[in-house]
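A.B. asks: So that we are looking at the same thing, I have put the structure below in structure tokens.
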């Protein structure tokens, strides 16, 4: 067994779906507006990141789990939503 393994469920979740699932409000704004606002806030030193880092949170994270499945026979025991529910219940 060599190297790193990605540990993840089979399905991802969009931020809008995550907000709904957690009972939070979600406001979708045009990307150009977000990039401009973040750049202004960054230059005013009100946020610690610039517009170049927005794409990291704009798109859902996706991981390839083929290696851990093939080499270790891994299969997620819980779905993404089941895992979120467990975190919420834990407080």
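A.B. asks: Give the number of residues within the range 12-26 that are in contact with a helix residue (DSSP H, G or I) (Cβ under 9 Å, 6 or more places away or on another chain) and either exposed (fewer than 10 other Cβ atoms within 10 Å of the Cβ) or over 17 Å from residue 59 (Cβ atoms) (or both).
C.D. replies: Residues in the range 12-26 being in contact with a helix residue (DSSP H, G or I) (Cβ under 9 Å, 6 or more places away or on another chain) and either exposed (fewer than 10 other Cβ atoms within 10 Å of the Cβ) or over 17 Å from residue 59 (Cβ atoms) (or both): 4 in total.
A.B. asks: Please enumerate the residues belonging to the range 31-64 that are in a loop (DSSP other than H, G, I, E, B), without any contact (Cβ under 8 Å) to a residue 12 or more places away in the chain and closer than 23 Å to residue 7 by Cβ.
C.D. replies: 59
A.B. asks: Return yes or no: is residue 1 surrounded by 10 or more Cβ atoms within 10 Å (Cβ to Cβ) and in contact (Cβ under 8 Å) with a residue 24 or more places away in the chain?
C.D. replies: So residue 1 does not fit the description; no.
A.B. asks: Now for a different question. Quick one: count up the residues across the range 10-22 that are outside any helix (DSSP H, G or I) and under 30 Å from residue 73 (Cα atoms).
C.D. replies: Going residue by residue through the range 10-22, those that are outside any helix (DSSP H, G or I) are 10-14, 22.
Narrowing the set further to residues that are under 30 Å from residue 73 (Cα atoms) leaves 10-14.
Counting residues in the range 10-22 that are outside any helix (DSSP H, G or I) and under 30 Å from residue 73 (Cα atoms) gives 5.
A.B. asks: Could you list all residues from the range 68-79 that are surrounded by 13 or more Cβ atoms within 10 Å (Cβ to Cβ) and in contact with a helix residue (DSSP H, G or I) (Cβ under 9 Å, 6 or more places away or on another chain)?
C.D. replies: 74, 76
A.B. asks: Based on this model, can you work out whether residue 2 counts as modelled with pLDDT under 90, part of a loop (DSSP other than H, G, I, E, B) and more than 14 Å from the chain's Cα centre (by Cα)? Please lay out each step first, then the result.
C.D. replies: Values: modelled with pLDDT under 90: yes; part of a loop (DSSP other than H, G, I, E, B): yes; more than 14 Å from the chain's Cα centre (by Cα): yes.
Answer is yes for this residue.
A.B. asks: On the basis of being in a loop (DSSP other than H, G, I, E, B) and at pLDDT 90 or above, does residue 25 make the cut?
C.D. replies: yes
A.B. asks: Is it the case that residue 45 is loosely packed, with under 10 Cβ neighbours inside 10 Å and either in contact with a helix residue (DSSP H, G or I) (Cβ under 6 Å, 6 or more places away or on another chain) or at positive phi (or both)?
C.D. replies: Considered against the rule, which asks whether it is loosely packed, with under 10 Cβ neighbours inside 10 Å and either in contact with a helix residue (DSSP H, G or I) (Cβ under 6 Å, 6 or more places away or on another chain) or at positive phi (or both), residue 45 comes out as yes.
A.B. asks: Can you pull out every residue in the range 65-82 that is closer than 13 Å to residue 7 by Cα, outside any loop (DSSP other than H, G, I, E, B) and touching a residue at least 12 places away in the same chain (Cβ under 8 Å)? Talk me through it step by step, then tell me what you get.
C.D. replies: If we filter the range 65-82 for residues that are closer than 13 Å to residue 7 by Cα, which is where we start, we get 65-80.
Now restrict to residues that are outside any loop (DSSP other than H, G, I, E, B): 66-72, 80.
Of everything in the range 65-82, those that are closer than 13 Å to residue 7 by Cα, outside any loop (DSSP other than H, G, I, E, B) and touching a residue at least 12 places away in the same chain (Cβ under 8 Å) turn out to be 67, 68, 71, 72, 80.
The values are calculated or read from the model by the stated rules, or taken from the named source; none is laboratory data. Note that this is a predicted model, so its numbers are computed, not measured. Note that each Cβ is placed from the backbone with ideal geometry, even for glycine, and that neighbours are counted across all protein chains shown.
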